[in-house]
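Beneath this line is the structure, given in structure tokens, with notes to follow.
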Amino acid sequence: MIERILPPAVAVAEAYGDPPGVRLHPEEVACVTRALRGRRQEFATGRHLARSGLVRLGLPPVCIPKGERGAPRWPEGVVGSITHCAGYRAAAVARTDDLLALGIDAEPHGPLPSEVLTLVATSAEGARLERLARDNPRVAWDRVLFSAKESVFKAWYPLAGSFLDYDAVDVVVEEATASFVGRLLVPGPFVAGERLRELTGRFAVQGGLVVTTVTLDAA
């Protein structure tokens, strides 16, 4: 599903549950020793899918432990992202020769709780969500916004080495092109000699899911 909104250079693997018998590397096991059983299962599935993606790139299926602040620590020369929600898991990887940043996210297609939306959306974003909902009430646009920000954050973190608050990016969703632009409201890192000012992405709503992706070309 998510591969439809990613460029060909990205290797994608996805699952609609947790397959039995998935083995983790010892360093990966140490990352989830205190986690609940469900969390351990989705973690194992995510690593299994990520390794499948590495193999599709012609790379060895190496250990992918947690790095600083819990983000996956990808092998040299690789960017990647992992996502999971109820009934769906996916991983996407690419070579840094092709992409400098990659973020993916999946969410159940349904309205966000009002208290979550208040934390996630700026007033400008809220006004745009209302317009989108009037034009097409069949889509949970607040969930699209939330997922888009999650994908922006995942692409941002390896570039900046820091977290991004929800109110530090203004996301504009374009229904006609199934795309979005995340305009940074804080100084971005320098990438290829230029300060990063925005990240762009795509979204899809299908099969009870919202999926979003953000990519930054190496070119």
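Tabulated values for the structure
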{"item": "Residues that are within 18 Å of GLY103 (Cα to Cα), open to solvent by 10 Å² or more (accessible area, probe 1.4 Å) and either of a type in the set (Gly, Ala, Ser) or touching a Leu at 6+ places or on another chain (Cβ under 7 Å) (or both), drawn from region 29-66", "result": "ARG47, SER52"}
{"item": "Residues of region 112-127 classified as without any contact (Cβ under 8 Å) to a residue 40 or more places away in the chain, surrounded by 10 or more Cβ atoms within 10 Å (Cβ to Cβ) and of a type in the set (Ser, Thr, Tyr), total", "result": "1"}
{"item": "In region 1-58, the residues that are farther than 21 Å from ILE104 by Cα, among the β-branched types (Val, Ile, Thr), out of contact with any helix residue (DSSP H, G or I) (no Cβ under 6 Å at 6 or more places or on another chain) and in a helix (DSSP H, G or I)", "result": "VAL29"}
{"item": "Among residues of region 72-104, those that are within 16 Å of LEU216 (Cα to Cα), in contact (Cβ under 8 Å) with a residue 40 or more places away in the chain and open to solvent by 10 Å² or more (accessible area, probe 1.4 Å), counted", "result": "6"}
{"item": "Failed condition for ILE64, given (1) outside any loop (DSSP other than H, G, I, E, B); (2) among the β-branched types (Val, Ile, Thr); (3) under 23 Å from ALA106 (Cβ atoms)", "result": "(1)"}
{"item": "Top-ranked residue of region 128-162 - restricted to ones that are over 12 Å from the mean Cα position of the chain (by Cα) and under 21 Å from THR96 (Cα atoms), ranked as most open to solvent (accessible area, probe 1.4 Å)", "result": "PRO158"}
{"item": "Of the criteria (1) within 16 Å of VAL171 (Cα to Cα); (2) among the hydrophobic types (A, V, I, L, M, F, W, C); (3) in contact (Cβ under 8 Å) with a residue 60 or more places away in the chain, which one LEU132 fails", "result": "(3)"}
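The values are calculated or read from the model by the stated rules, or taken from the named source; none is laboratory data. Because the structure is predicted, anything quoted here is derived from the model rather than measured. For neighbour counting, all protein chains shown are included, and Cβ atoms are generated from backbone atoms with ideal geometry for every residue, glycine included. Surface accessibility is based on the protein's heavy atoms, side chains included, excluding ligands, DNA and RNA. Shrake-Rupley method; radii C 1.70, N 1.55, O 1.52, S 1.80 Å.
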